[in-house]
Amino acid sequence: MKTVLLQPSNQRFPVGKIICLGQNYAAHAKEMGATGATLPVLFLKPSSAIISNGVDILLPQLSSNVHHEVELTLLIGVGGENIPETSAYDHIAGYGVGLDMTMRDVQLEAKKNGNPWAVAKGFDTSAPLSDFIERVYIADPHALEISLSVNGVRRQHSSTGNMLLSVPRIIAYVSSAFTLEPGDVIYTGTPEGVAQVKAGDVIDAEIPGVGSLHHTVR
């Protein structure tokens, strides 16, 4: 089973569910031809998709158009269902940086046919994750700079303050559908600037104060 590390306690969490949000930044929703969600758009990744910082991202043979998406991620420390927004933070162990690697051509074909996105979003190495920083060290998860560069050229740059749905709202909504358990990871959505990566590209993603990722695409 894949695990993630919480710092500075050095505690390891086996990862159960990976729950991801789509369309949580208005500018990204617009670049994808959508208007942004009033309720979260949810999809899942298997924990087998996780790779740690520095491990190569492998391009799947099923796609000729894989995109990067950088996101703030939440590590659940205390489980629960139907969690109210007022106590949502109590269930978060820490914050991290994640990449939601996406087979865009496969996803668009699935959308066109009304099919699920599982293959497009859940393939092996599609969920790079940094270590997590304990929640108490982040004063406001909605005031964080988030960025991604490919081969030293910045492609994504925004603030988590631009998320359409706040962290407490995300926790409340997700837990109304799925019982959250310790070790679950939530991806909170990506800002605009997503684009294709190719073999040999080097991806650097960062949320200062939270963590960073460095990956080569193979």
*Between Asn65 and Tyr137, how many nm apart are label points set 7 Å from Cα along the C-beta direction?*
3.9 nm
_Label-to-label distance, nm, for residues given as Val41 and Val202 (7 Å Cα→Cβ offset)_ = 3.3 nm
*So if we plug the beta-carbon distance of His157 and Asn115 into 1/(1 + (r/R0)^6) with R0 = 25 Å, what FRET efficiency do we get, rounded to 0.05?*
0.15
*How would you order 40-48, 70-78 from highest to lowest mean count of nearby Cβ atoms within 10 Å?*
70-78, 40-48
*Determine, for Tyr137, Tyr25, the number of other Cβ atoms within 10 Å of each Cβ, and report the residues in order from fewest to most.*
Tyr137, Tyr25
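Can you give the Kirkwood hydrodynamic radius of segment 136-218 from its Cα pairs, in Å with one decimal?
14.6 Å
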*Write down the Kirkwood hydrodynamic radius of the chain, to one decimal in angstroms, obtained as one divided by the mean of 1/r over all alpha carbon pairs.*
17.0 Å
*Would you please put 82-89, 14-21 in order of how densely packed they are, using the mean number of other Cβ atoms within 10 angstrom per residue and starting with the highest?*
14-21, 82-89
*Label Thr216 and Lys30 with points 7 Å out from Cα along Cα→Cβ: what is the distance between them in nm?*
3.8 nm
*Taking neighbour Cβ counts within 10 Å as the exposure measure, how do Glu109, Glu134 sort from fewest upward?*
Glu109, Glu134
*Please list, or write none, the lysines whose alpha carbon is within less than 18 Å of the alpha carbon of Lys112, excluding same-chain residues fewer than 8 places away.*
Lys30, Lys121
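Here, each number is a calculation from the coordinates, and none is a lab measurement. It should be emphasised that the depicted structure is a prediction, and the values quoted were computed from it without experimental measurement. Backbone-built Cβ (ideal geometry, glycine too); neighbour counts: all protein chains shown.
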